[in-house]
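For reference, the structure discussed in these notes is given below.
The values are calculated or read from the model by the stated rules, or taken from the named source; none is laboratory data. Everything numeric in this text was worked out from a predicted model, so none of it was measured. Here the Cβ positions follow ideal geometry from the backbone for every residue, glycine too, while neighbour counts run over all protein chains shown. For accessibility, only protein heavy atoms count, side chains too; no ligands or nucleic acids. Shrake-Rupley method; radii C 1.70, N 1.55, O 1.52, S 1.80 Å.
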Amino acid sequence: MAARSIGSLTVSFGLVAIPVKLYTATQSANAISFNLLHNKDGSRLRQQYVCQKEGVVVERDDMVKGYEFAKDQYVRFTPEEIKALEEVGSRSVEISEFVPIESVDPVYYDKTYYLAPDKGATKPYALLTEALRQSGRAGVGRWATRGKGYIVILRPIGDVLAMQQLHYASDVRPASEVEVPKPEVKPAELKLAQQLIDHQTAERFEPTAFKDEVRERIEAAIQKKVEEGKEISVAEVTPEAGEGKVIDLMEALRASLQRSESAREQVGRLGPRKAPKRVEEPARAPRRKRNA
C-alpha cells in the first residue's frame, strides 16, 4: 500500500525553495499493545486521577499543570500560559549549513521522516538529493511542530530525501559519564579479535535479515487465543551453558572463529560477503611453572 502524506513543508537553501510532502518513515502504530482488563468480568479499565491529600477522584476540569521546583512545592501554569511558551509551528525548513554526514553521531538521531517532491519541485528536489549524495554531506536546519522546535538534518537515502530529527546536545549524556576500566589488551588477543571481525564482515547492513522474533511469538499467541481460546504456556528460560564462568579470552576467540567457519560452510549467508581470511593463530607463550 502506498504511503500517505501527513503534511507539507518547504525546504529552502540559499534562494532555492523546494515544496515537499512529509511522510513518516517508521510504523509505530504497528506496535502490539495490551489493555488493562478487570479479571472478574473482562471489561476494560479506565484511568483515574486521585488527590493524594483528600483521597478523592479529580475530574479533568479541576486539574491544572504545575512544575515542582522544590519538594512538594509547585508553580502553576494555565493552558494559556503554556500555549504562549510553545514554539510557533512552521511549514518550512531552512538549511543553515552543510556538514559531513559522518560528523553527526547516530546517538543524536531521533525520529525520521521521508520527503517527496510536491508539484513542480521534481527538478530542485533531485538536484539537492544528488548534490548531498555526491558531497557526502547533510543539510542542517530547524523545524517547529506541535509546540516544539527541533534540529533536523536532511540526507539522501537512495533517491529519497530523509529528514532526521535530532536530539539537542543537552538531551544526550556524554559517554565520558560512563566509567569503563582500561585493562591491557595483548597484541595476540587483538589480532584474533580483528580476524574474527574480518571473518564475519558483510558488504553492507541488511535489516531484512533480522526478524522481530518476540513480536512474531506474541502475534502467534494472540491468534491462537482468538481462534482456539486456549491458554498459552510459557516455557521456562534456562541459563546458557557456561553462564557466569570465567573464560579464557584467547580460547573463546579461537572457538568463535571455528564456529563462524563451520556456520559459513553449512548455511549460505544473505547478500554478497567478503571472503573469509585465513586465521593465523599467534604462537603461544610457554606457560609459567607454578611454584610447588
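Stretching residue 86 away from residue 184 to a fully extended chain increases their span by 30.1 nm, per 0.36 nm per residue minus the current alpha-carbon distance.
Counted by Cβ distance under 12 Å from residue 145, the other residues give a net charge of +3, where Lys and Arg count +1 and Asp and Glu count -1.
Please find the FRET efficiency linking residue 47 to residue 74, where r is the Cβ-Cβ separation and R0 is fixed at 25 Å, and quote it to the nearest 0.05. For residue 47 and residue 74, the calculated efficiency is 0.70. Rolling a 1.4 Å probe over the protein heavy atoms gives segment 1-139 an accessible area of 82 Å² per residue. Computed from the alpha carbon positions, the gyration tensor of segment 6-79 leads to an equivalent ellipsoid with semi-axes of 41, 27, 11 Å, biggest first.
Taking 0.36 nm per residue of separation and subtracting the current Cα-Cα distance, fully stretching the chain between residue 32 and residue 116 would add 27.3 nm. Computed over segment 63-169, relative contact order equals 31 percent, with contacts defined as Cα pairs under 8 Å that lie 6+ residues apart. Report, ordered by chain and residue number, the aspartates and glutamates lying within cross-link reach of residue 224, taken as a straight Cα distance under 18 Å and ignoring same-chain residues fewer than 8 apart. Straight-distance partners of residue 224: 213, 216.
How about segment 1-108: which chymotrypsin sites (Phe, Trp or Tyr not before Pro) there are in a DSSP loop, with at most 11 other Cβ atoms within 10 Å of their Cβ? In loop regions of segment 1-108 (DSSP not H, G, I, E or B), the sparsely surrounded chymotrypsin sites (Phe, Trp or Tyr not before Pro) are 34. Between the DSSP loop rule and a limit of at most 10 other Cβ atoms within 10 Å, which trypsin sites (Lys or Arg not before Pro) in segment 168-220 are left? Sites meeting the loop and neighbour criteria: 204, 211. Overall, segment 1-151 carries a charge dipole of about 500 debye about its Cα centre when +1 sits on the Cβ of Lys and Arg and -1 on the Cβ of Asp and Glu, all other atoms neutral. Computed from the C-alpha gyration tensor, the three semi-axes of the ellipsoid equivalent to segment 56-126 are 42, 20, 13 Å, from longest to shortest. Checking the a/c ratio against 1.5 first, then a/b against b/c, what shape does the Cα gyration tensor give for segment 138-209? Oblate.
Each Lys or Arg adds one and each Asp or Glu subtracts one; over the other residues with Cβ under 14 Å from the Cβ of residue 130, this totals +3.
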